[in-house]
Amino acid sequence: MKVLFATTNPAKVKKYADGLEKEGIELITIKDIGINIHVEESGKNAIENAYIKAKAYYDKTGITTIGMDNNLYIEELPEEKQPGTYVRRINGKELSDDEMLEYYTNLVHQYGGRLTAKWVYGMVIYNGKEAKEYSWSKSNFYLVDKPCQKRNPGYPLDSMSIMPECNKYFVDLTQEDRDKDKKNYNEDNVIQFIVNNI
């Protein structure tokens, strides 16, 4: 079965594609079907943005769609500097991966070189009749002002995010590292949510 993923981010697709394929679900993107969609993400949180994306993509294609959004919160920052829903959109501009790394590296540097961060995720599956939603978070990690050279296209902040338990950048984590910290790596639960609600 084909399901549309409402994203242009290759890292998001890669993260779930293999697990879903084992369940008989093929993730496709608008690039695969030759459609271009721009969605104004005006939601107040990850679930609202995920719904906005899922509905817009479904309305355009008629294909059951998964929308996903991630919000970033940084413990030491004042409210007005929190990225929240605007992780990639800074001062009204959509940043590239390199621009994001530069912006957040400078931000972390201004606050002493290491900040405590948390991702909050929202996912919505929309089939034209109803929306099913799921939310989770990844906490207990640090953003540092010295990124490593390795990159994860679509998730640039993985190059400056450190998992404290093993003192490694996210881009360097092995499956064994992730298995040690299952509560923060929710791939199995996300895949199960998708399988149960398609």
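Quick check, is Gly84 out of contact with any Leu (no Cβ under 8 Å at 6 or more places or on another chain), surrounded by fewer than 20 Cβ atoms within 10 Å (Cβ to Cβ) and under 24 Å from Phe5 (Cα atoms)?
Values: out of contact with any Leu (no Cβ under 8 Å at 6 or more places or on another chain): no; surrounded by fewer than 20 Cβ atoms within 10 Å (Cβ to Cβ): yes; under 24 Å from Phe5 (Cα atoms): yes.
The answer is no for Gly84.
When you scan the stretch 85-100, how many residues do you find that are modelled with pLDDT of 95 or more and at positive phi?
Number of matching residues: 0.
Considering only the stretch 116-149, state which residues are buried (at least 16 other Cβ atoms within 10 Å of the Cβ) and of a type in the set (Lys, Arg).
Selection gives Lys132, Lys138.
Residue by residue through the stretch 67-85, note down the ones that are free of Cβ contacts under 8 Å to residues at least 40 places away in the same chain, over 17 Å from the mean Cα position of the chain (by Cα) and part of a loop (DSSP other than H, G, I, E, B).
Looking only at the stretch 67-85, we keep the residues that are free of Cβ contacts under 8 Å to residues at least 40 places away in the same chain, and these are 77-84.
From the residues that got through so far, the ones that are over 17 Å from the mean Cα position of the chain (by Cα) too are 77-81.
The answer is Leu77, Pro78.
Please state which one of Tyr134, Tyr111, Tyr103 is under 16 Å from Gly43 (Cβ atoms) and either at pLDDT below 95 or among the aromatic types (Phe, Trp, Tyr) (or both).
Details: Tyr111 fails: under 16 Å from Gly43 (Cβ atoms); Tyr103 fails: under 16 Å from Gly43 (Cβ atoms).
Result: Tyr134 is the single residue among Tyr134, Tyr111, Tyr103 that is under 16 Å from Gly43 (Cβ atoms) and either at pLDDT below 95 or among the aromatic types (Phe, Trp, Tyr) (or both).
Quick check on this structure: which one of Ile37, Ile47 is over 11 Å from Leu4 (Cα atoms), touching a strand residue (DSSP E or B) at 6+ places or on another chain (Cβ under 7 Å) and of a type in the set (A, V, I, L, M, F, W, C)?
Details: Ile37 fails: touching a strand residue (DSSP E or B) at 6+ places or on another chain (Cβ under 7 Å).
Step by step, each of Ile37, Ile47 is checked, and only Ile47 is over 11 Å from Leu4 (Cα atoms), touching a strand residue (DSSP E or B) at 6+ places or on another chain (Cβ under 7 Å) and of a type in the set (A, V, I, L, M, F, W, C).
Looking only at residues in the stretch 1-28 that are farther than 13 Å from Met68 by Cα, part of a loop (DSSP other than H, G, I, E, B) and not acidic (Asp, Glu), which one is nearest to the chain's Cα centre (by Cα)?
Ile25
Return a yes/no flag: does the stretch 137-149 have any residue that is under 30 Å from Asp59 (Cα atoms), modelled with pLDDT under 95 and touching a helix residue (DSSP H, G or I) at 6+ places or on another chain (Cβ under 7 Å). Talk me through it step by step, then tell me what you get.
Filtering the stretch 137-149 down to residues under 30 Å from Asp59 (Cα atoms) leaves 137.
Now drop any that are not modelled with pLDDT under 95, which leaves 137.
Next cut, touching a helix residue (DSSP H, G or I) at 6+ places or on another chain (Cβ under 7 Å) only: none.
No - not one qualifying residue is present in the stretch 137-149.
Take the residues in the stretch 90-113 that are touching an Asp or Glu at 6+ places or on another chain (Cβ under 8 Å) and crowded, with 16+ Cβ neighbours inside 10 Å, then tell me which one is nearest to Leu77 (Cα to Cα).
Val108
Can you list residue pairs whose Cβ atoms sit under 6 Å apart, with the first residue in the stretch 44-65 being more than 15 Å from Glu133 (Cα to Cα) and the second being small (Gly, Ala, Ser) and not in a helix (DSSP H, G or I)? Count only pairs 6 or more apart in sequence or on different chains.
Tyr57/Ala6; Tyr58/Gly128
Go over the candidates Glu40, Glu23 one by one and state the one that is of a type in the set (Asp, Glu) and more than 14 Å from Val190 (Cβ to Cβ). Break it down stepwise before answering.
On the way: Glu23 fails: more than 14 Å from Val190 (Cβ to Cβ).
It is Glu40.
The values are calculated or read from the model by the stated rules, or taken from the named source; none is laboratory data. A quick note: this is a predicted structure, and the numbers were derived from the prediction, not measured. Counting neighbours? That spans all protein chains shown, and the Cβs are built from the backbone with ideal geometry, glycine included.
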